[in-house]
1. Collect the residues in region 1-34 that are assigned to a helix (DSSP H, G or I) and of a type in the set (Ser, Thr, Tyr), keeping them in residue-number order.
2. Search region 55-84 for residues that are among the aromatic types (Phe, Trp, Tyr) and pair each with any residue that is at pLDDT below 90 when their beta-carbon atoms are under 8 Å apart and the residues are at least 6 apart or on different chains.
3. Identify all residues within region 111-147 that are over 15 Å from Ala186 (Cα atoms) and buried (at least 19 other Cβ atoms within 10 Å of the Cβ); write none if there are none.
4. Can you say whether Ser180 is crowded, with 21+ Cβ neighbours inside 10 Å, in a helix (DSSP H, G or I), small (Gly, Ala, Ser) and at pLDDT 95 or above, as far as the supplied structure shows?
5. Can you tell me how many residues within region 83-104 are farther than 12 Å from Ala168 by Cβ and of a type in the set (Ser, Thr, Tyr)?
6. Determine, yes or no, whether Glu73 is modelled with pLDDT under 85 and in a helix (DSSP H, G or I).
7. Checking the conditions here, which among Ser115, Ser159, Ser143 is under 17 Å from the mean Cα position of the chain (by Cα), farther than 27 Å from Glu39 by Cβ and small (Gly, Ala, Ser)?
8. Being crowded, with 20+ Cβ neighbours inside 10 Å and either more than 22 Å from His88 (Cα to Cα) or at pLDDT 85 or above (or both) narrows it down to one residue among Ile34, Ile49; which is it?
Amino acid sequence: MARRNTDACRVLNEEFQALLSNDRAGIKASMEKIKKAEEDVVALRRMLIRELAQVGTLLLNKEDLLRLAFLIEAIVGYLNGTAFKVSHLRRPIVRMKKYREPLTELFNLLIEEVSKQNECVRALSMNPDQAIETAGAIQKIESEIDAKQRELMNEVLKSMNGYRDLIAMKDVIQSIEDTSDAALHAADSTTIVALGV
């Protein structure tokens, strides 16, 4: 599940690059890939629920695992929403250096954070201590995203003229922040599972 989120996050960055290069087909293809990733994550979560139900009372932290599965699923939901919002940005606006560079940084940091979340989940079965350590790294990346998101929001509010563009850009920035927060919540939940292993 977490790997699908990492893939979807990379596709989100591809969508942004397609927007910059005025590749409408690329934008549409990216959105479809992210939607497919969300469907895959939902199917995997359902499969996990069935498997946990079969295990019964043998697993002490079954509820924590379920909570983690739902939080991982939420990440791809936020990515899908962000992809939709990115598709509504206007190319002349996002090509401006003062917006393009901070957005690129935010997307790259988001990829790093979601990738770390994937590592965190994978480490649960092999090295729970590593999962806890990786969750701490996710916290640092989320704090960096917070700081950059606020800087960009200040720039947008100060310099953007049209209401349509202002609202569209604000929505994308907030959606990136929400996705980052969801990854942090999943990392916290992973830590709880790791402590119970």
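1. Taking region 1-34 as the starting set, the residues that turn out to be assigned to a helix (DSSP H, G or I) are 2-20, 24-34.
Answer for region 1-34, where residues must be assigned to a helix (DSSP H, G or I) and of a type in the set (Ser, Thr, Tyr): Thr6, Ser30.
2. Listed by first residue and then by second, the contacts come to Phe70/Arg45.
3. Ile145
4. Working: crowded, with 21+ Cβ neighbours inside 10 Å: yes; in a helix (DSSP H, G or I): yes; small (Gly, Ala, Ser): yes; at pLDDT 95 or above: yes.
Considered against the rule, which asks whether it is crowded, with 21+ Cβ neighbours inside 10 Å, in a helix (DSSP H, G or I), small (Gly, Ala, Ser) and at pLDDT 95 or above, Ser180 comes out as yes.
5. Looking only at that region, the number is 1.
6. Details: modelled with pLDDT under 85: no; in a helix (DSSP H, G or I): yes.
Spelling it out, it is not the case that Glu73 is modelled with pLDDT under 85 and in a helix (DSSP H, G or I).
7. On the way: Ser115 fails: farther than 27 Å from Glu39 by Cβ; Ser159 fails: under 17 Å from the mean Cα position of the chain (by Cα).
Of Ser115, Ser159, Ser143, the one residue that is under 17 Å from the mean Cα position of the chain (by Cα), farther than 27 Å from Glu39 by Cβ and small (Gly, Ala, Ser) is Ser143.
8. On the way: Ile49 fails: crowded, with 20+ Cβ neighbours inside 10 Å.
Result of the check over Ile34, Ile49: Ile34.
The values are calculated or read from the model by the stated rules, or taken from the named source; none is laboratory data. From a predicted model like this one, the values you see are computed outputs, not experimental measurements. Neighbour counts are summed over all protein chains in view; Cβ atoms, including those assigned to glycine, are modelled from backbone coordinates with ideal geometry.
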